[in-house]
Each structure stands twice: as C-alpha cells, then as structure tokens.
Amino acid sequence: MTDEISSLARHLAADPGITDYDLWRAVRLVEDELYDKDREGAPIPIRLLHARATLRRAIERRGGRT
C-alpha cells in the first residue's frame, strides 16, 4: 500500500494542472472530514487516511510543508 501511496503522490506532485493551493485545500477537506468522524464517534475510513497520506507526500515532493 505504501508503494501505491508514493506512486500516486509522485503523479500528483508532477501534475502541472494541480496547484499547491489545490493540494493544500484537499488536505484540509480530508482533515475536516476526519475530525467530524472522530467527533461523531464514527469509524475512520481507511480511504481517508490513505488520501491524507498521499496528499501530504505530494506536497512534500513539491517542497512544501504540511
């Protein structure tokens, strides 16, 4: 699974159609959803954790900070 996350992160980081702001916004949306699930006491979907990891790695590859 880690290889899949790294591969997708490389692809996102290299895509010129995706801005740094787009990546940052996507991370914020995922983190907001995780926060809501936690407050509700609902189970955390693994897909959200994978999405957050992928987006954070893409930002790091671009030289940004998460």
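Quick notes
- Over the chain, the alpha carbon radius of gyration divided by the compact-protein estimate 2.2 N^0.38 Å works out to 1.14.
- The residue list LEU49, VAL30, GLY63 was ranked by how far each Cα lies along the charge dipole of the chain toward its positive end, using unit charges on Cβ atoms, and GLY63 comes out on top.
- The 3J(HN,Hα) values that the Karplus relation (6.51, -1.76, 1.60; θ = phi - 60°) gives for the range 10-18 are, in residue order, 4, 4, 5, 5, 8, 6, x, x, 10 Hz. Gly and Pro appear as x.
- Contact order, relative form, for the chain: 50 percent (alpha carbon pairs under 8 Å, 6 or more residues apart, mean separation divided by residue count).
- Only helical runs count toward this figure. For the chain, summing -39,500 (n - 2.57) over DSSP H runs of n ≥ 4 and dividing by all residues gives -25500 deg cm²/dmol at 222 nm.
- Cut-off 14 Å between beta-carbons: net charge of the residues surrounding ILE44, Lys and Arg +1, Asp and Glu -1: -2
Just so you know, all these numbers are worked out from the coordinates, no wet-lab data involved. Computed from a prediction, not measured in an experiment: that's the story for all the values here. Glycine also receives a Cβ, built like all others from the backbone with ideal geometry; neighbour counts cover every protein chain displayed.
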